[in-house]
Amino acid sequence: MDLVSVRTTRVPRSRAELTFSAGDLPLGGGTWLFSEPQPGVTGLVDLTGLGWPAITATPDALVVAATCTLEDLARVPAAQCGAARELIWRCCTALLGSYKIWHTATVGGNICLALPAGPMTSLAVALDAQAVTWPAGGGERRLPVADLVVDVRACDLAPGEVLRAIEIPAASLAARTGFRRLALSPLGRSGTLVIARADAAGEFVVTVTAGTRRPHQLRFDEVPPARALESAVLRLDDWYDDAHGAPDWRRAMTALLAEELRVELGGAA
């Protein structure tokens, strides 16, 4: 879609050139930005010109640039992401985008758009990823991706602050995980997406997205009894309501999927 109100497009090549004026928006892949009218947007600041490496593996973490495309993330070799390779693939394919979308859409854009069904948010929160941001005044800020997305279409980012990368800890990459997703139609937007993670130290973490307004983590010292997990899911109180699922359906299906994952990762049936 033509953004008829846009008058300027800038491509910064360095941190010093990364500035925003009134009416400017950061541009990553633009697959959502160009999909509908953007009233009030008069300028675009193209982050891809900064040349951030898409994926960097370190002994402690997998660093995924905000401008990394879903295509690049989906192809990350197992040598870099360990046991999380299957989960990464499942989350990338949960977007149900065409090849053109995969080739262009970015990890950071999907997270910062903060839609409940954003699968990059699901992946990052499920693996305890840290968000690394660049505030407008310089330096960097770190916070869990679970705290970055605070509501539908709302992130904890100040004016002029951009997401630079997410860092996925090596311990999370090595953990056993399970994935469940439900939608009202075979190719529909996710109605609920549940990921469970069992760490080597015994911690059991269930991440709920798509069905709630913001991501939630349910943490246990070990695989919990069925009733404890169900109670934790049912205590969530911000179930989303739109054409892709009613709150009561999302709540019931999330509890069902969480129990399936509890059993899959070692809980008593």
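Can you give the three extents of the C-alpha atoms in the range 173-264 along their principal axes, from longest to shortest, in whole Å?
Between the extreme Cα coordinates on each principal axis of the range 173-264 lie 40, 26, 21 Å.
Scaled to the compact-protein estimate 2.2 N^0.38 Å, what is the alpha-carbon radius of gyration of the chain, rounded to two decimal places?
For the chain, the normalised Cα radius of gyration comes out at 1.01.
Would you mind counting up the charge near T8? Only other residues with Cβ under 14 Å from its Cβ, with Lys and Arg at +1 and Asp and Glu at -1.
So the environment of T8 carries a net charge of -1.
Where Lys and Arg each count +1 and Asp and Glu each count -1, what net charge lies around D221 among other residues with Cβ under 15 Å from its Cβ?
0
For every other residue with a beta carbon closer than 14 angstrom to the beta carbon of L70, add +1 if it is Lys or Arg and -1 if Asp or Glu, then tell me the sum.
Its environment carries a net charge of +1.
Please state the equivalent ellipsoid semi-axes for the range 55-171: what are the square roots of 5 times the Cα gyration tensor eigenvalues, largest first, in whole Å?
Computed over the range 55-171, the values are 21, 17, 13 Å.
Every number in this text was worked out from the coordinates using simple rules, so none of it is lab data. Keep in mind that this is a model prediction, so the values were computed, not measured. Please note: Cβ atoms are built from the backbone with ideal geometry, for glycine as well, and neighbour counts cover all protein chains shown.
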